[in-house]
Amino acid sequence: MSAILLDGLAVSKVVREGLKVRVDQLRAAGVQPRLDVIVASQDPSSMAYVRMKRRWAEQIGITGEAFSMDDSTTQEQLIARVVVLNHDPHVHGVLIQHPLPRHLDEAEALQVLNAAKDVDGLTPASMGLLLSDMPGFRPATPLGIMTLLRHYGITVEGKRAVVIGRSIILGKPTALLLMQQNATVTIAHSKTVDLPSLCREADILVAAVGRPEFVRGDWIKPGAIVIDAGYNKVPGRDKDVGDVHFGEAAEVASYLTPVPGGVGPMTVASLLANVVDAAERTVADLGTPDR
Ligand code: NAP
């Protein structure tokens with residue numbers, strides 16, 4: 001293996017240590033940062049993600065509640081919950097954990113969510129701010145990817161980037177953030193013709209596809225930086241795998257994110273960073289809470 005691993009677990013620890021200092025300062029000033037989560041109680045993966053986010057949040061002093069949605073939850077109840085959280089001054093961040101039960105309209109819930117509490121950066125308002133290059137919350141996974149690149153001193157400017165995937169949560173915002181940092185970006189998707197040739201042009205290749213080991217070693221330009229955002233369960237394999245064939249990519253790339261331990265931990269750290277930002281903004285807006 002020649003690639004240097006981009007160790008998201010280690011970098012997320014550095015990020016979380018920095019956040020803990022800021023949380024301590026907020027608490028000393030009388031502000032208790034709080035992240036509330038709306039989650040589908042019948043989805044084991046979602047519940048596992050939320051437990052992990054909760055554990056890391058608690059470690060740095062962020063509190064919060066989880067509100068479970070199940071088959072009996074109505075759309076009206078979902079929207080009412082979002083409205084209550086929008087107006088609760090003790091809640092700084094709200095995460096609507098995807099996917100909610102199928103019968104619920106997640107897009108409507110995101111539309112109702114106050115952008116000032118949208119710590120996952122997925123409301124149309126946050127997306128508009130991102131597209132407009134204006135300050136706002138950025139989606140956690142793309143933000144985590146950018147933080148990881150910055151931590152390793154990887155310059156984005158002037159590089160040719162290819163992002164495979166155009167989802168709202170991952171592909172599109174990652175492409176926009178790379179472009180904001182002056183990469184020349186191409187977004188690929190399921191209708192892209194001759195994807196391997198396109199990938200071979202990339203100095204930075206981001207895989208956000210949702211297909212295990214989809215990107216092969218011979219798709220990668222020698223020395224490229226490869227970010228594997230995928231996270232896939234494969235029947236019969238005890239470890240989750242990414243969207244990139246790790247063994248092949250490690251022989252060709254200069255830098256590579258492992259799965260697990262790459263983009264995943266950076267996503268959680270970035271979500272928590274947004275919560276701390278949100279709590280600090282309330283202090284800036286309102287002055288000290290006891291005023
Ligand atoms: P998604 O919404 O299903 O989007 C997948 C994208 O991949 C789509 O744009 C799709 O193209 C494209 N695609 C599918 N098959 C393709 C093909 N054969 N060739 C080229 N493009 C293809 O998935 P997502 O939510 O973005 O997630 C992608 C992966 O990231 C998943 O493995 C997910 O588990 C992982 N993920 C990880 C984190 C983390 O924290 N690490 C967070 C979120 C997601 P079309 O638009 O044409 O259909």
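Key figures for this structure:
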read-out: For peptides 19-27, 227-235, sequence by mean Cβ density within 10 Å, most packed first; value: 227-235, 19-27
read-out: Positive-end residue, segment 30-114 charge dipole about Cα centroid, Cβ charges, pick of 59, 94, 74; value: 59
read-out: Label-reachable residues, segment 41-61, where backbone N falls under 18 Å from a point 7 Å from residue 27's Cα toward its Cβ; value: 53-61
read-out: Helix axis angle, 8-28 relative to the chain longest principal axis, alpha carbon, degrees; value: 20
read-out: Difference of contour (0.36 nm per residue) and Cα-Cα distance, residue 180 to residue 98; value: 26.9 nm
read-out: At R0 = 45 Å, FRET efficiency that the Cβ-Cβ distance of residue 133 and residue 238 yields, to 0.05; value: 0.55
read-out: Ratio of the Cα radius of gyration of segment 1-77 to 2.2 N^0.38 Å, where N counts its residues; value: 1.45
read-out: Folded to 0 to 90 degrees: helix 171-180 orientation relative to the chain principal axis, Cα; value: 80
read-out: Average accessible area per residue (Å²) across the chain - probe 1.4 Å, nucleic acids and ligands excluded; value: 47
read-out: Translational D in µm²/s for segment 1-147 (Stokes-Einstein at 25 °C, 0.890 mPa s, Kirkwood Rh from C-alpha pairs); value: 148
read-out: Cβ-placed point charges (K, R +1; D, E -1), dipole of the chain about Cα centre in debye, nearest 20; value: 420
read-out: Most positive-pole-ward Cα, 38, 3, 15, against dipole of segment 3-44 from beta carbon charges; value: 15
read-out: Globularity index of segment 140-264, i.e. its alpha-carbon radius of gyration over 2.2 N^0.38 Å; value: 0.95
read-out: Relative contact order (%) - criterion: Cα under 8 Å, at least six apart; region: the chain; value: 23
read-out: Largest-first ordering by accessible area, 1.4 Å probe, given options 7, 238; value: 238, 7
read-out: Spin-label model distance (nm) - residue 248 vs residue 105, 7 Å beyond Cα toward Cβ; value: 4.3
read-out: Label-point gap, in nm, between residue 192 and residue 218 - each point 7 angstrom along Cα→Cβ; value: 1.9
read-out: Per-residue ³J(HN,Hα) for segment 184-196, Karplus 6.51 cos²θ - 1.76 cosθ + 1.60, θ = phi - 60°, Hz, x for Gly and Pro; value: 9, 10, 10, 9, 9, 8, 5, 9, 5, 8, 6, 4, x
read-out: For the chain, the fraction of alpha-carbon pairs in successive 5 Å shells from zero, as %; value: 1, 6, 12, 16, 18, 16, 13, 10, 5, 3, 1, 0, 0
read-out: Portion, in percent, of the accessible area of the chain that falls on carbon or sulfur, probe 1.4 Å; value: 55
read-out: Evaluated over segment 241-288, the Cα radius of gyration and Dmax, each in Å; value: 17.7, 54
read-out: Solvent exposure ordering (accessible area, 1.4 Å, most first) of 58, 201; value: 58, 201
read-out: Segment 30-114: C-alpha pair distances exceeding 23 Å, %; value: 20
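The values are calculated or read from the model by the stated rules, or taken from the named source; none is laboratory data. Predicted, not measured: the structure shown is a model, and the values here were computed from it. Because the Cβ atoms are built from the backbone with ideal geometry, glycine has one as well, and the counts that use them run over all protein chains shown. Surface areas here come from the heavy atoms of the whole protein model, side chains and all, with no ligands, DNA or RNA. Shrake-Rupley method; radii C 1.70, N 1.55, O 1.52, S 1.80 Å.
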